[in-house]
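One structure is given below, encoded as structure tokens.
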Amino acid sequence: MNLDIRHLRHFEAVYRLRSFVRAAKEISVTQSALTKSIKALEKEIGAALLDRTTHSVIPTKTGDILIRYAKDVISSLGLFEQQAASINDLDTGNLTLGSGPYPLEPLVTTALRDFATHFPSIHVTLQTGSSNALLERLMNRTLDLVVCDISKYQHGPFSDQIAVDALPPEPIMLIHDKDHPLSGKRPTLEKLGQYAWASPTASPGLFRQLPKELRQSAFPTGYAHYRVEVISACLEIVRGSTVLTAIPRSLARRVCKDGSLIMKPLPGNFLTNDGIHTLAHKAKSPAVTAFIKHMTSTAKALAAARE
């Protein structure tokens, strides 16, 4: 098989835009040339990649399977060109990462601040949201890496295609308002189950750690009363109310400094379970490799910090 990288780029553009017209305009070729390029690629592969109708373009099953590999080839060639132009030089480059709710602050933000100090010319895009959605974007090659709970990928459909670098864990702390009925008291599982909770979607690993009593009382459907995928929003719900939440210790120290919120250890040994997720068979750019080093060192420092 003798594939032409131009054909792969043309296929990726049509697949992404679902239009020969828009794809031809984006990559500055004529529609007829683009059609010939796709046909040449299909002939080389021996299967149709796209179903064309008068008004739409729909990928075939073969197209859906091969688009990921086409993106990997295009990405790898881009990395080769970048490396050839500036070997081991991080004066230029791009980094697109995703972060789940718990590791976003201060882990990811601190690592980014440190990374920006060392590599100010690297363009960084940070996307947040649910871990499941971010891992799908990683699989679709729109993110370079994702920082989230490891058990999310372990229970996902793409676990065999994702590589994970585990990060040092840190304790998860209970957070409540200063005037909460639990103020000055040591919370029990029974007491915790009597109040509403605000939290992101519980990871499979964390949910399994919850005692049966708490799962049945506070998380009877598998979710908190307020399911909010942004930790800062959870904290605002907690302020001035009887709602509870739980966050990593490093963040708890920051948000409880002014005394308006109170942090306490949760009954039991609850720890973060975060890791850096990348595609197992995709080459890492210099920017990605450098950021992973900064993220790892930041996580070690936060986990080692004491009260």
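Here are a few things to note about the model shown:
- So R18, is it on the phi > 0 side of the Ramachandran plot and surrounded by 13 or more Cβ atoms within 10 Å (Cβ to Cβ): yes
- Residue pairs whose Cβ atoms lie under 9 Å apart, separated by 6 or more positions or on different chains, with the first residue in segment 19-33 and under 17 Å from P59 (Cβ atoms) and free of Cβ contacts under 8 Å to residues at least 60 places away in the same chain and the second among the hydroxyl-bearing types (S, T, Y) and surrounded by 14 or more Cβ atoms within 10 Å (Cβ to Cβ), are F20/T35; A23/Y15.
- Test set (1) of a type outside the set (S, T, Y); (2) more than 17 Å from P169 (Cβ to Cβ); (3) in a loop (DSSP other than H, G, I, E, B) - H294 fails condition number: (3)
- The number of residues in segment 45-78 that are surrounded by 13 or more Cβ atoms within 10 Å (Cβ to Cβ), of a type in the set (D, E, K, R) and either free of Cβ contacts under 8 Å to residues at least 60 places away in the same chain or touching a His at 6+ places or on another chain (Cβ under 9 Å) (or both) comes to 2.
- When restricted to residues that are touching a strand residue (DSSP E or B) at 6+ places or on another chain (Cβ under 8 Å), crowded, with 19+ Cβ neighbours inside 10 Å and charged (D, E, K, R), segment 268-301 contains 1.
- Of all the criteria given as (1) at pLDDT 90 or above; (2) under 30 Å from P200 (Cα atoms), the one not satisfied by K36 is (2).
- In segment 244-291, residue nearest to D72 (Cα to Cα) [restricted to those that are small (G, A, S) and in a strand (DSSP E or B)]: G275
- Test result for G93, in contact (Cβ under 8 Å) with a residue 12 or more places away in the chain and farther than 24 Å from E170 by Cβ: yes
- Within segment 173-212, tally of residues that are among the small types (G, A, S), over 18 Å from L251 (Cβ atoms) and at pLDDT 85 or above: 3
- Taking the criterion of being modelled with pLDDT under 90, in a helix (DSSP H, G or I) and closer than 24 Å to T272 by Cα, the residues of segment 106-134 that qualify are S131, N132, A133.
The values are calculated or read from the model by the stated rules, or taken from the named source; none is laboratory data. The structure displayed is predicted, hence computed values, not measured ones. Ideal geometry is used to build each Cβ from the backbone, glycine not excepted, and the neighbour counts take in all protein chains shown.
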